[in-house]
Each structure stands twice: as C-alpha cells, then as structure tokens.
Amino acid sequence: MNNSLVNTGRLLGAGLRALLVLTVLTGILYPLAVTGVAQALFRDKANGSEVTSDGRVVGSSLIGQAYNLPLKKGQQTPEPDLKWFQGRPQNGLGTNSVNTQYSLILSGATNRSGDNEELIQWVKDAKAAVVRDNSTAGYKVKPSEVPADAVTSSGSGLDPNISPEYADIQVHRVAEKNGLPVGQVRKLVGANTEGRTLGFVGEPRVNVLQLNIALKALMAKS
C-alpha cells in the first residue's frame, strides 16, 4: 500500500513537472520566439500590412474598404461617394455594428450558383450602375467594357484590388468630380498598377486604398 502511494505520488509529481516545462516552452518561450522573429524580419506583414496616411493608420493593403456617402435619414443602403475610386461589390457579407466602414468581421462569398436568379439580377444591376455612375458628358461607358470584377464580389468579399480595366473606366468620373485633368488621373492609375507576381502569377491589379491615398495627395496639390 505504501509503495503504491509513493509510486502514485512520484507519477503525479513527474506529470506536474512535465506540464510546467511544456507550458513554459510551448506557451511562453515558443510564442515569444515566433513573435520576435516576425517583428524582426516581417514587421509589416506581422502587424497586418497596415497602410498609413498623414501619420495615421487608414487600413490594410490586404482588406478592401467601402467609399460611401453617409446614410441619409431613412436610407438603409449607402450610396457610393463617386469622387473616389470604387472597389469590388460586397454582396453576401451582411452587416454588423462593430465596423461601419467595412464588414471586417464578416468574410465570404454569396454562395449562389451561376444560374441563380438573384445573383444574375445583382450582376445586371451592378453593370447598369457602373455604366451610369462612370459615364460623363464627354465619356460614355459601354456595357461591353465593364469587366467582371466591377460586377462580382471576390471569394472572400474583402478583395482590396481591382483590375486596371475597372480603374480605367472610373478615370473620367473621378477626374470630373474632383476637377482634375483626365491625363493626371490616368497617370495616377498607371503608377499604382502592379504587374503579375514574379511576372507570371495572377493578374495585373490596382490596390484601391493606395490609389485613393494617391488621389487625395494629388487633390491637395491641385
């Protein structure tokens, strides 16, 4: 009986020591080491790829934002602020009260098939809105010119980028709304267009947040 109690006590003691050692190693030292390496070598990525403007964080280069006008009384769906470049549609994300700038805590696609009537109507309405909003007195957008990313949301719904084609369609409208020369705004788009990763991965793209920051700086100069 005594030997049994002693052995049990030894086993419990060994188990507690092992638990303490593993807790320190895996719960404290390892996370600190990983955090230290991340901060030393990949500080920008480890901190969320933050984008700053005028000395303050205004978003992440990995997460899209909405550029909408404030809601009017009785209005449930905000209207886009057309002086800014607009990103991809955000259908399927729903709403939340935590972040009113963008549904950051909600990510996902519409989960509707290609022949879903509601999805088809969304695309038709989005295309009509793109044509209407981006046509100016001297520039008319043709429905055939509207690219797919202008009327569909991404798989996550949080895509921060648009195609150069979609950005180009918006140039005349942005120039008119801000009293800027079309050539200057088009040059701005070109300067903020990224090519394929490593020259062959993915597609050329324009980060909407970075483009709008550059647009704000251009307006300040003008």
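Show the residues, 5+ positions off or on another chain, whose built amide H is closer than 5 Å to the amide H of Thr136.
Distant-sequence amide H within range of Thr136: Val141.
Among Pro143, Gln184, Pro164, flag the residue with its Cα farthest along the positive direction of the charge dipole of the chain, charges on Cβ as +1 for Lys/Arg and -1 for Asp/Glu.
Value computed over the given set: Gln184.
What ranking, highest mean first, results for peptides 24-36, 115-127 when packing means the other Cβ atoms within 10 Å averaged over each residue?
My ranking of the peptides, most packed first, is 115-127, 24-36.
Can you list residues from other chains, or at least 5 along the same chain, whose modelled amide H is less than 5 Å from the amide H of Gly87?
So Gly87 has HN proximity to Tyr67.
Express the relative contact order of the chain as a whole percentage, based on alpha carbon pairs under 8 Å and six or more residues apart in sequence.
18
Any idea what the dipole of the chain comes to, in debye rounded to 20, about its Cα centre with Lys/Arg Cβ at +1 and Asp/Glu Cβ at -1?
460
Compute the whole-percent fraction of alpha carbon pairs in region 2-43 spaced more than 12 Å apart.
When every Cα pair of region 2-43 is considered, 67 percent fall beyond 12 Å.
For Val58, what residues show an amide H to amide H distance below 5 Å, using hydrogens built from the backbone and excluding near sequence neighbours?
Placed amide hydrogens put Val51, Thr52, Ser53 under 5 Å from Val58.
On a 0 to 90 degree scale, rounded to 10, what angle separates helix 208-221 from the longest Cα axis of the chain?
60
Using unit Cβ charges (K, R positive; D, E negative) and no other charged atoms, how large, in debye to the nearest 20, is the dipole of region 130-178 about its Cα centre?
240
In a Gaussian network model over the chain where Cα atoms closer than 10 Å are linked, find which of Leu82, Leu71, Leu20 has the largest mean-square fluctuation.
Leu20
Could you give the angle, 0 to 90 degrees to the nearest 10, between helix 182-191's Cα long axis and the longest principal axis of the Cα atoms of the chain?
Tilt of helix 182-191: around 20 degrees.
Take the alpha carbon gyration tensor of the chain, find the square roots of its eigenvalues, order them as a ≥ b ≥ c, and report rounded if a/c is under 1.5; if not, report prolate when a/b exceeds b/c, else oblate.
It is prolate, given that a/c is not under 1.5 and a/b is the larger ratio.
Let me confirm the definition first: pairs of Lys residues in the chain, 8 or more apart or on different chains, C-alpha distance under 19 Å. How many are there?
Taking the Cα cut-off of 19 Å, the pair count is 17.
Would you kindly derive the ³J(HN,Hα) couplings of region 28-40 from the backbone phi angles with the Karplus curve 6.51 cos²θ - 1.76 cosθ + 1.60 (θ = phi - 60°), listing them in order in whole Hz, with x for Gly and Pro?
The phi angles translate into 10, 5, 5, x, 5, 5, 5, 4, x, 5, 4, 5, 6 Hz.
Taken together, the values in this text are just the output of simple stated rules run on the coordinates, not laboratory data. The structure presented is a predicted model; accordingly, all values stated were derived computationally and were not measured. Using ideal geometry, Cβ is built from the backbone for each residue, glycine included, and neighbour counts are taken over all protein chains shown.
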